[in-house]
1. Can you run down the residue pairs with Cβ atoms below 6 Å, 6 or more apart or on separate chains, where the first is in the stretch 43-71 and loosely packed, with under 12 Cβ neighbours inside 10 Å and the partner is assigned to a strand (DSSP E or B)?
2. Given the conditions (1) exposed (fewer than 10 other Cβ atoms within 10 Å of the Cβ); (2) modelled with pLDDT under 90, and given that residue 74 satisfies all but one, which numbered condition is not satisfied?
3. Under the condition of being closer than 12 Å to residue 39 by Cβ and part of a strand (DSSP E or B), which residue from the stretch 49-88 is farthest from the chain's Cα centre (by Cα)?
4. Which ones in the stretch 43-83 are basic (Lys, Arg) and touching a strand residue (DSSP E or B) at 6+ places or on another chain (Cβ under 7 Å)?
Amino acid sequence: MSLNSRLFAVCLILAAPAWADETSVPSAPAPEAPPATVFGFGRENADCAEWTNACQVCTRPAAGEMQCSTPGIACTPGPPVCRVTKER
């Protein structure tokens, strides 16, 4: 066996534990969908007259476009929720 073959064999032996660790690493969970924005929530929920994400409050007047407040600078938004549904 030549010197190059021996060095190659030693490298394979030393690298084997690293390869084994790579194959045993559990796969990461699939990323969750990003939270809906207050604007997207309003478009998807036409029956909702008032909704919030704990930072902004949005309303949908009987006639006109939805209107949303300005969020505070240090606010961390949560998932949007409907607070008032339209009367039918």
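1. 47/85; 67/59
2. With (1) exposed (fewer than 10 other Cβ atoms within 10 Å of the Cβ); (2) modelled with pLDDT under 90 applied to residue 74, the lone miss is (2).
3. 67
4. Residues satisfying the conditions are 60, 83.
The values are calculated or read from the model by the stated rules, or taken from the named source; none is laboratory data. Computed from a predicted model, the values in this text were never measured in an experiment. FYI the Cβ positions are ideal-geometry reconstructions off the backbone, even for glycines, and counts take in every protein chain you see.
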